[in-house]
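The values are calculated or read from the model by the stated rules, or taken from the named source; none is laboratory data. None of these values were measured; they are calculated from a predicted model. So basically every Cβ, Gly included, is an ideal-geometry build from the backbone, and we count neighbours across all protein chains shown.
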């Protein structure tokens, strides 16, 4: 498919924004995004099917003397009266490990950790976006400017040693509908596209503990970041494989969390003869303040830059506000975030102008929990 040449990166032409959570946002199109299933079930070590009831045993003389002890079962002695209690205890312990995924932490503690992209909490980050684009190509009218999408981003910190961990946050964008500008005669027309966008994977190496700085702690992380050409349509991605560096800094105090996360990508291979080389980056800046009882207020926009775009179409600089609440439902902890962003600088031709986003982030058990 011949690409619309106003923007060398066709994904930018869609104006799609894949904005992440408080501290996990990534660039503002399917190729500029950060992009687990629940941990595998652990089988019980003993079968739960009991044998047919056998005659009760007489307690030993020692046990009779104690009046409270009974002989311990040997091997898979399912006839022993203590077996039923032991099996029930194992079942309850297993269920608890699956339900209490936060490890006994309060909702407020978990909410603060989820604002930190370098924390040890496992979660299933999901975002729903309503995007209004602007620029000279729109010509007015919501049918040419509005897009709707979802983002799925499992948060999976993996412990490596006593002092280091690997942060992995693959991102998969799901485009429900997006207006895509295309040349039509001597002007521009819009098509509607839906499908998957390009997915991405950052791999950040970070220490388990930060450095004491002032009244808080500073933690730094760095590593490679990748973009994969998983888009189901040429207009929803770049048809390129991309790689580059990523770096993050997190400063935490008792009442706040501040984050800077930068990423940059270059294409190194194309999957389509019409694909153009890419060179683009993003900078997430985030700040969250603790209001108590699981409530937070802050901001988490992502600035994007496309070096291959024409003059006036390289930058998108948003500002925004986010309100978050983390709560327990039974033993399951879920964080909700509602935010709005407005781009004070956006592409002259076509780019994101307003973003409304809803995040639903359930915490899951880590398979590395002790």
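Residues that are surrounded by fewer than 23 Cβ atoms within 10 Å (Cβ to Cβ), in contact with a strand residue (DSSP E or B) (Cβ under 7 Å, 6 or more places away or on another chain) and not in a strand (DSSP E or B) do not occur anywhere in segment 326-340.
Evaluate the following for residue 309: is it assigned to a strand (DSSP E or B) and touching a helix residue (DSSP H, G or I) at 6+ places or on another chain (Cβ under 9 Å)? So residue 309 fails the test. Restricted to strands (runs of 3 or more DSSP E) entirely inside segment 197-250, those with at least 1 residues that are touching a strand residue (DSSP E or B) at 6+ places or on another chain (Cβ under 9 Å) and crowded, with 16+ Cβ neighbours inside 10 Å are 199-207, 216-228. Taking the condition within 19 Å of the chain's Cα centre (by Cα) and under 30 Å from residue 290 (Cβ atoms), does residue 227 pass? Judged against the criteria, residue 227 is not a match. Listed conditions (1) over 17 Å from residue 112 (Cβ atoms); (2) assigned to a strand (DSSP E or B); (3) within 23 Å of the chain's Cα centre (by Cα) are all met by residue 267, apart from (3).
Looking only at residues in segment 356-365 that are touching a strand residue (DSSP E or B) at 6+ places or on another chain (Cβ under 8 Å) and surrounded by fewer than 23 Cβ atoms within 10 Å (Cβ to Cβ), which one is nearest to residue 107 (Cα to Cα)? That would be 362. Does residue 249 meet the test of being at pLDDT 95 or above and on the phi > 0 side of the Ramachandran plot? When the stated conditions are applied, residue 249 does not pass them.
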